[in-house]
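Peer 1: Can you read through this structure? Questions will come right after.
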Amino acid sequence: MPKHFRTIDAARKTLSAIENSAIDELLAGKIDRREFLRHGSVLGMSLPFLGGIASAVGLGGPQARAEGKAGGTVRAGVATPGGAIDPVTFYDSGSYQLVFQTAEFLCVTQPDLTLKPVLAESWSPNADGSVWTFKLRKGVKFHNGEDFKADDVVATFDRLADPTGTSNALSVFKGLLSKGGTRKVDDHTVEFHLDAPNGSFPYSVSIDNYNAVILPASYKGDYEKTFEGTGPFRLESYTPKVGATFVRNPDYWGEKALPDRLEFKFYADVQPRILALQAGEVDVLDAIPLDVSQVVLGNPDITVLRVASTAHRQLHMRCDMAPFTDKRVRQALALCIDRSKLVDGLCRGMAATGNDSPFAPAFPVTDKSVPQRTQDIAKARQLMEAAGLAGGFDITLTTLRYSDIPGYAQLFQNFAKEIGARISLNIEDQDKYYGKAVFGQSDWLDSPLGITDYAHRSVPNVFLKSPLVSDGPWNAAHFKNPTYDGLITSYLKALDFDAQRKAASDIQKLLLDETPVIFSYFPDLLVPVRKNVSGLPPIAAGLLLDRVSVAS
């Protein structure tokens, strides 16, 4: 037996059946190194162990990046927080960029979508994925000196899953984790007893769910006074509408932060942020919209980090309202779109082409053999005629004034003219468009035709559930399909890669046929930094500044 097979065989004796199935997939060539690392990390296998297995079969990994120089100040320009900062309720980038520096998650996603342990050392599912056990890191303290223990994890997730509260994370936890489902085993072990089996649950308690930072069990609110957490930085000062400063936490449990200090400056709009970066007043920005990217892309003093993202714009069609009760009309509108013009023109090549399902090319389980939908005006006209709409129809498309969305709406309006669809545009401010975000009180959820922005996720679970299952709280398409609902249940509970991939393929094919929502493109995330900045991890979740350095 070759040496590398003896190494793998010895390692496999300690693994569960589901963990061994991931190695079987790798050895059979069904998944590549990236897919193996991602899937294995979700199951709780350590990244060094997974990397060793991959190397043993000749699949070496990327070289480690050089470490930056310690010391100095990193200055960041971010959007002004939308209100009082509270990790339980916040939803805006300006708020969570600050909290990410001081508070931590059980685990965080990496650029390759693997999961890296942080406050959890390891995790594992039971046989069907209905209970996940997390082993917590010992020797960790909150900034106030309290020890980090299981009680803090239980209290954190009970707050977030409380149906009577105002947690922004309820969109993730509804039907997944209820209050009381997080249970202490001992001071450094917790079990998550789920409402339904879930094969990728650890992402729901990672940075992917940005409300899931671990707070002390004693937390009662007033977060802005302390920015309490276990993270690599501590609060120095916070001034609403102006900015915040943080200093290195000398008692941090892990590798100490490189910068001595962080300075955050708040800006009400993206243009002043860009001007500040160009003038050298700040070193890094949070992500900028595609429509202003040209301003910085040609600047010799600025580097733009492009991160492949699963963010997208959902173009929904009300399946319970004419003319969209007929799926041939929905298909016709999808066929009239020239996706190459959206990717190469609107997005300037900084996007991936969508195929009318949430399964972006960046997701390892996406079935890339499903035929790509392309523009076909002749077929679209045939479908319109078959639906009794050869003369076209009149409709209003309602959407929000954000990033590239108004440009997308105008291009879609022009594409639709080719098949007789006469679309009027109603472009609103974000507050008016989203309304109260409940049916009957939201232009987003009530409009017959609309375009909505969806932020990046490392797994498609939220995209598949909330906007598309029959009782989904974000189901703007009013799509009700029992077959689809069943496929989602199968996909979400699958622990092995083969079952996930099979369910994903079936979902992609069903959505391509039904077309309740058009997914035309997945724009890259663009993060601009000064040329002398290094060490910023290219992840789509947000800014993590502890390994960043600024050369003088």
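Peer 1: Please give the per residue volume of the convex hull enclosing the alpha carbon atoms of the stretch 232-294, rounded to a whole number of Å³.
Peer 2: 110 Å³
Peer 1: Want the number for Gln441 to Asp471: 0.36 nm per residue separation, take away the alpha-carbon distance, what's left?
Peer 2: Once the chain is fully extended between Gln441 and Asp471, it gains 9.1 nm.
Peer 1: Here is a further query. Return the distance in nm (one decimal) between the two label points of a simple spin-label model at Ser46 and Lys220, each offset 7 Å from Cα along Cα→Cβ.
Peer 2: 4.1 nm
Peer 1: Right, another one. Given C-alpha coordinates of the stretch 289-368, what is the ratio Rg to Rh with the Kirkwood estimate of Rh?
Peer 2: With Rh from the inverse mean 1/r over Cα pairs, Rg/Rh is 1.07.
Peer 1: What accessible area per residue, rounded to a whole number of Å², is obtained for the stretch 453-552 using a probe radius of 1.4 Å?
Peer 2: Roughly 31 Å² per residue, with all protein chains present.
Peer 1: Just read off the accessible area of Asp152 with the full protein assembly in place, 1.4 Å probe, to the nearest 10 Å².
Peer 2: Counting only protein heavy atoms, the figure is 10 Å².
Peer 1: To the nearest 500 deg cm²/dmol, what mean residue ellipticity at 222 nm is calculated for the chain from DSSP H runs of n ≥ 4 alone, each contributing -39,500 (n - 2.57), summed and divided by the residues?
Peer 2: Computed mean residue ellipticity for the chain: -8000 deg cm²/dmol.
Peer 1: Once amide H atoms are placed 1.01 Å from N in the peptide plane, what residues at a sequence separation of 5 or more from Ser200, or on another chain, have their amide H within under 5 Å of its amide H?
Peer 2: none
Peer 1: Follow-up question, since we're still on this one. With every protein chain left in place, what is the accessible area of Arg137 in Å² (1.4 Å probe, nearest 10)?
Peer 2: 50 Å²
Peer 1: How would Thr166, Thr353, Thr366, Thr489 rank on accessible area, largest to smallest, probe 1.4 Å?
Peer 2: Thr166, Thr489, Thr353, Thr366
Peer 1: Using Cα-Cα distances under 8 Å and only pairs 6 or more residues apart, what relative contact order does the chain have, in percent?
Peer 2: Worked out over the chain, it gives 19 percent.
Peer 1: Would you mind checking the pairs Lys138/Lys184; Lys220/Lys436; Lys116/Lys265; Lys241/Lys432; Lys69/Lys256; Lys184/Lys256 and listing those with alpha carbons more than 19 angstrom apart?
Peer 2: Lys220/Lys436; Lys116/Lys265; Lys241/Lys432; Lys184/Lys256
Peer 1: Using mean Cβ contacts within 10 Å as the protection proxy, how do 203-212, 83-92 order, highest first?
Peer 2: For the peptides 203-212, 83-92, the packing ranking is 203-212, 83-92.
Peer 1: Let me ask you something else. Among DSSP beta bridges lying fully in the chain, give the percent that are antiparallel, nearest 5.
Peer 2: 70 percent
Peer 1: Continuing with this model, one more query. Placing unit charges on C-beta atoms (Lys and Arg positive, Asp and Glu negative, everything else neutral), compute the dipole magnitude of the stretch 305-436 about its Cα centre in debye, rounded to 20.
Peer 2: Result for the stretch 305-436 is approximately 140 debye, rounded to the nearest 20.
Peer 1: Same structure again: What is the magnitude of the charge dipole of the stretch 392-502 about its Cα centre, with +1 placed on the Cβ of each Lys and Arg, -1 on the Cβ of each Asp and Glu, and no other charges, expressed in debye to the nearest 20?
Peer 2: The dipole of the stretch 392-502 has a size of about 240 debye.
Peer 1: Based on the Cβ-Cβ distance from Lys116 to Gln410, what FRET efficiency comes out when R0 is 35 Å, to the nearest 0.05?
Peer 2: Taking R0 as 35 Å, the efficiency between Lys116 and Gln410 is 0.25.
Peer 1: Once the Cβ-Cβ distance between Glu236 and Ser490 is put in as r, and R0 is 60 Å, what FRET efficiency do you end up with, to the nearest 0.05?
Peer 2: With a Förster radius of 60 Å, E is 0.75.
Peer 1: Can you give the charge dipole size of the stretch 209-326 about its Cα centre, rounded to the nearest 20 debye, using +1 on the beta carbon of Lys and Arg and -1 on the beta carbon of Asp and Glu?
Peer 2: Roughly 120 debye, rounded to the nearest 20.
Peer 1: Give the lysines whose C-alpha is closer than 20 Å to that of Lys417, dropping any in the same chain fewer than 8 places away, or say none.
Peer 2: Partners found: Lys327, Lys341, Lys379.
Peer 1: If packing is taken as the mean number of other Cβ atoms within 10 Å per residue, what is the order of 528-538, 507-517, highest first?
Peer 2: Top of the packing list down: 507-517, 528-538.
Peer 1: In the full protein assembly as shown, how much of His188 is accessible to a 1.4 Å probe, in Å² to the nearest 10?
Peer 2: It works out to around 40 Å².
The values are calculated or read from the model by the stated rules, or taken from the named source; none is laboratory data. Remember, predicted model here, so these are calculated numbers, not experimental data. For neighbour counting, all protein chains shown are included, and Cβ atoms are generated from backbone atoms with ideal geometry for every residue, glycine included. Protein only, heavy atoms only, side chains kept; ligands, DNA and RNA dropped before computing areas. Shrake-Rupley method; radii C 1.70, N 1.55, O 1.52, S 1.80 Å.
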